[in-house]
Amino acid sequence: MNGAPAVPAIDDTHDPALRSWVAGANDAAGDFPIQNLPLGVFRRRGRPEAPRIGVAIGDQVLDLRRCRELRLLDAPPAVVAAAGEATALNPLLAQGRQALRSLRRAASRVLRADGSRAEPAALVPVSDAELLLPVEVGDYTDFYASIVHARNVGRLFRPGNPLTRNYRHVPLAYHGRSSSVVVSGTPVTRPRGQRIPEGGERPSFEPTRRLDYEVELGACVGAGSLPGLAIPIDAAERHLAGVCLVNDWSARDMHAWEAQPLGPFLSKSFATSVSPWVVTLDALAPYRCAAARPAADPPPLPHLACAANDARGGIDVTVEVWLQSAGMRRRGLEPARLSRAAFRDMYWTFAQMVAHHASNGCRLRPGDLLASGTISGPDPDAAGCLVERAATGAGTLTLPTGERRDFLADGDEVTLRAYCIRDGFARIGFGSCSARVLPASAAVLDPT
Ligand code: CA
């Protein structure tokens, strides 16, 4: 393992006074100032070329393949080679946090206004870039780390006893489906599946009537682990590269029928959307905060606890959900905000999720995606999915057009956003994770 501290440190790349020669990066309200430098994968539009790695900077993408050709990156040769040659982030993430930190420093130096490396030829306007899935996701695990969400959902099924007795001890999760992880902008087709009408005797097979979103953050595994070996909690963050937005699309009626007694299967596996940019753990260093577990709660078992996690295991990220219906688009209305919640309120931290995941010897591999679970807060406008609204008293959603929603309708476009704000530091954002719901399709694969 490299010598990087588990929780990253603040350094000169976070200096709020830094400016870039890329004008669009100096907008204080933008997601991608020079203090952020998230990683993604793109292709220049209209060109039959291999995907390449890029860094978001303002309204531009710094093309790392071009940077390598122009010898702009001052980083170890293996890092420059992976950054310049790979067609997904995996080979870069696999090199671990130290490698990512050296790439961050190199990109920061290339993009600084006071530097001598200004090279517009290394930029691609984001409008000319087709943003692709940043990581080839090997395994996808979805946790359940918000105690507010767990309580709200539990209340719908067990009003007298909403939280299961294991909740405060085990970071609960299910294994998701990596083959249907798609990048923001990819439409989501309403799935068909089995549901049982209320009071009905027999199930039917039909398009889901209860399609929902779940706003989450996902941690991308960097350096992997070895089969049979656990990851100590105080080293857990060394295995994480960065964080993206995740929408865990869910068919509630299919879930209610199929998950007796096992976990979600087809009600989740039809689609999971992720944002195109991975915000590195190094970029998030200024926004770290204490873990949210109240001191009065039972302490976690020793393999899930350490002082560094208590003090800085949390991340202060604000997450939002926006919705624009087809009717709103027709009338030229902007998306409406459905929720805003704080990731710092999550009961379990990413470090605890990693340590728990590997505690039985399960191997984590570079590019594995560990999603947090729905991010909800205690306020009625902080429910991270539609099904929770009933439990919070928020009730049926009414859109600016007067349209009402208990669940998503065809044509609805759901957009997730997230950002970090802290006094004395730059605002950084995650961009967006957006997808439109298409009607159920009758198409089947033609075996011929
Ligand atoms: Ca979920």
Original post:
Just how far, in whole angstrom, is segment 180-238 from segment 268-292 if you go by their alpha carbon centroids?
Top reply: 16 Å
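Lys and Arg at +1, Asp and Glu at -1: add these up for the other residues within a Cβ distance under 10 Å of SER441 and post the number. Show your work: numbers first, answer last.
Details: positive: ARG190, ARG192; negative: none.
Overall, the nearby charge balance is +2.
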Subject >> Separation between Cα centres of segment 341-372 and segment 299-319, rounded to whole Å >> reply: 11 Å
**OP:** For segment 435-440, take each phi angle, set θ = phi - 60°, evaluate the Karplus expression 6.51 cos²θ - 1.76 cosθ + 1.60, and give the result in whole Hz per residue in order, putting x for glycine and proline.
**Re:** 7, 9, 8, 9, x, 4
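Contour minus end-to-end for ASP381 and LEU156, with contour as 0.36 nm per residue of separation and end-to-end as the Cα-Cα distance? Present the calculation step by step, with values, prior to reporting the outcome.
Details: separation 225, 0.36 × 225 = 81.00 nm, distance 1.78 nm.
Taking 0.36 nm per residue and subtracting the Cα distance, the gain is 79.2 nm.
Under 1.5 on a/c is rounded, so check that first for segment 254-401, then, if it is not, pick prolate when a/b is larger than b/c and oblate when it is not; a ≥ b ≥ c are the square roots of the alpha carbon gyration tensor eigenvalues. Write down the numbers at each step before the final one.
Values: a/c = 1.74, a/b = 1.52, b/c = 1.15.
Prolate shape, in that a/c is at least 1.5 and a/b is the bigger ratio.
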**OP:** Once you've got the GNM for the chain with C-alpha springs shorter than 10 Å, pick whichever of ARG68, ARG190, ARG104 has the biggest mean-square fluctuation.
**Re:** ARG68
Subject >> Whole-angstrom gap from segment 373-448 to segment 25-84, using each part's C-alpha centre >> reply: 29 Å
Original post:
Do you know the relative contact order of the chain, to the nearest whole percent, from alpha carbon pairs under 8 angstrom that are 6+ apart?
Top reply: 21 percent
**OP:** At 7 Å along the Cα-to-beta-carbon direction for both ALA311 and ARG19, put a label point, then send me their distance in nm to one decimal.
**Re:** 3.6 nm
Subject >> Gain upon complete extension [ASP74, ALA259; 0.36 nm per residue less C-alpha separation] >> reply: 61.4 nm
Original post:
According to the square roots a ≥ b ≥ c of the eigenvalues of the Cα gyration tensor, what is the shape class of the chain, taking rounded for a/c under 1.5, prolate for a/b larger than b/c otherwise, and oblate for the remainder?
Top reply: prolate
**OP:** Would you pull out the residues with amide H under 5 Å of TYR144's amide H, same chain only if 5 or more places away, H placed 1.01 Å from N?
**Re:** LEU172
Original post:
Near the amide H of ALA129, under 5 Å away, which other amide H atoms are found, from residues 5 or more places off or on another chain, if H is placed in the peptide plane?
Top reply: ARG45
Subject >> Virtual spin-label span in nm between GLU403 and VAL170, 7 Å along Cα→Cβ >> reply: 4.0 nm
Original post:
Which ³J(HN,Hα) values, rounded to whole Hz and listed in residue order, are derived for segment 411-423 from phi using the Karplus coefficients 6.51, -1.76 and 1.60 in 6.51 cos²θ - 1.76 cosθ + 1.60 with θ = phi - 60°, glycine and proline given as x?
Top reply: x, 5, 10, 9, 10, 9, 9, 7, 7, 10, 10, 8, 3
Original post:
How far apart, in nm, are two points set 7 Å out from the Cα along the Cα-to-Cβ line at HIS303 and at ASP446?
Top reply: 5.2 nm
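Every read-out reported here was derived from the displayed coordinates using simple, explicitly stated rules and does not represent laboratory data. The shown structure was predicted, so the numbers you read here are calculated from the model rather than taken from an experiment. Please note: Cβ atoms are built from the backbone with ideal geometry, for glycine as well, and neighbour counts cover all protein chains shown.
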